[in-house]
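Following: one structure in C-alpha cells, then a few remarks.
The values are calculated or read from the model by the stated rules, or taken from the named source; none is laboratory data. Small disclaimer: the values here were computed from a predicted structure and weren't measured. Reconstructed Cβ throughout: ideal geometry from the backbone, glycine too, with neighbour counts over all protein chains shown.
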Amino acid sequence: MPLLNEEIRQEVSRFLEDLPGPVRLVMFTQEFECEYCAETRQLVEEIADLSPRITAEIYDFQADRAKAEELGVDKIPAIAVIGAQDYGVRFYGIPSGYEFSSLLHTTRSVAAGKPDLSDATLKVLGGLTKPVHIQVFVTPTCPYCPQAVVLAHQMAIASPMVRADMVEAMEFPHLAYKYQVMGVPRTVINETVHIEGAAPESMVVAKLQEALKNN
C-alpha cells in the first residue's frame, strides 16, 4: 500500500518539478531491529518515482558497511541527500509528519547547490576552518521543527566544514537522553552548545561561533 495518496503525490510532483540538478536519496536500512526502516525505504522510493531527477539508492547497513562509513552514517534508518556533491546533509529516522516537508525542501536546496542564507551568514560559514556538526532533534508532530532542520541543512550546503543531521528523537531515545532533549526542536552544535526552539538564522550563527570557541 502506498504511503503517499494520489493527492499528495500530485502535490509533491509539482513541488519537485524543474529541479535544477540531480539528487540521490541514499538510504540505509536493514531487515531486523529497525522499527521504521521499511517505511523509510518505501517513502524514499515513492519520492524518487515522482521526479526523473531523483534517484533512490538503497543499502544494507550491515552488508554495505563500507558505504555507510564512507558517508559517515552511524545509525538507521538514514537518508543522505546528495546532489552535485555530498554536502553532509542527513536525515536519521523517518521524515514523516511535518518532517516530510523538510525532506522535500532540502531536496530542492541540494539540487540547486545554493543555500538561501544571508550574506552575513555566508561570510561566517565561508571562513570556517574547523568542522561543525549540527544535530537537530525533532518529532513528526512538531510544526516548528522543519524551520530548524532546513536552516541547518542550508548551512551544510554553504560550507564543506558543516555536517547537519535531522534526528528523530523518539527513534533514537539514547541520543535524546544524552543531549537532554526535553522539547523539540533542540539543536546541538559540536556536542557542547544547545539551542531550544526554532531560532532565527543570526542566533544559530552566533551559537555556531560559540561552539567553535569551546572546542
- Does any residue of the stretch 1-15 turn out to be more than 23 Å from E168 (Cα to Cα), at pLDDT below 95 and of a type outside the set (G, A, S)? yes
- Tell me, please, whether a residue that is under 24 Å from K75 (Cβ atoms), among the aliphatic types (A, V, I, L, M), in contact with a strand residue (DSSP E or B) (Cβ under 7 Å, 6 or more places away or on another chain) and assigned to a loop (DSSP other than H, G, I, E, B) can be found in the stretch 125-139. no
- Query: Could we say that V89 is under 19 Å from H133 (Cβ atoms), touching a residue at least 12 places away in the same chain (Cβ under 8 Å) and not aromatic (F, W, Y) here?
  - Reply: yes
- Message: So, in the stretch 48-67, exactly how many residues are part of a loop (DSSP other than H, G, I, E, B), exposed (fewer than 15 other Cβ atoms within 10 Å of the Cβ) and among the hydrophobic types (A, V, I, L, M, F, W, C)?
- Response: 1
- So G97 fits all but one of (1) within 18 Å of V150 (Cα to Cα); (2) part of a loop (DSSP other than H, G, I, E, B); (3) in contact with a strand residue (DSSP E or B) (Cβ under 7 Å, 6 or more places away or on another chain); what number is the exception? (3)
- Task: List every residue pair whose Cβ atoms lie under 8 Å apart, where the two residues are 6 or more positions apart in sequence or sit on different chains, the first residue falls within the stretch 170-195 and is in the same structural domain as V150 (by TED's automatic domain parsing) and over 23 Å from P131 (Cβ atoms), and the second residue, located anywhere, is assigned to a loop (DSSP other than H, G, I, E, B) and among the β-branched types (V, I, T).
- Result: M170/T139; E171/I94; V184/T139
- Task: Output yes when any residue across the stretch 157-179 is touching a Leu at 6+ places or on another chain (Cβ under 8 Å), of a type in the set (S, T, N, Q), surrounded by 19 or more Cβ atoms within 10 Å (Cβ to Cβ) and not in a strand (DSSP E or B), and no when none is.
- Result: yes
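Restricting attention to the stretch 110-120, which residues are touching a helix residue (DSSP H, G or I) at 6+ places or on another chain (Cβ under 9 Å) and surrounded by fewer than 24 Cβ atoms within 10 Å (Cβ to Cβ)?
A112, G113, K114, P115, D116, L117, S118, A120
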- Look at I79 and say whether it is outside any strand (DSSP E or B), at negative phi and at pLDDT 95 or above. no
